[in-house]
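Structure, as structure tokens:
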Amino acid sequence: MKNLRTEPRITDPDGFYAALMEAHRELDPQASRKLDAKLILLLANHIGDMAVLREALAIAQGAKPEE
């Protein structure tokens, strides 16, 4: 069963991308990875649904999303 919403939902994807890149500006690789990890954990906590999180992991690892 598909739980993860993969259709575009960010109202300003370019603005989000710019903010993400700005957050990484001047960070060394280790600090950049730490920022990414913190952001992932914050968003995973916000989602809170383990089935959705497992589906997201599978898709990120290369599995095709169910239709």
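Nothing in this text is a laboratory measurement; each read-out follows from the coordinates by a stated rule. Remember, it's a predicted structure, so these values are computed and weren't measured experimentally. Cβ sites come from the backbone with ideal geometry, for glycine too, and all protein chains shown count toward neighbours.
For segment 6-48, the set of residues classified as in a loop (DSSP other than H, G, I, E, B) and exposed (fewer than 12 other Cβ atoms within 10 Å of the Cβ) consists of E7, P8, R9, I10, T11, D12, R25, E26, D28, G48, listed by residue number. All conditions in (1) in contact (Cβ under 8 Å) with a residue 40 or more places away in the chain; (2) part of a helix (DSSP H, G or I) hold for P65, with the sole exception of (2).
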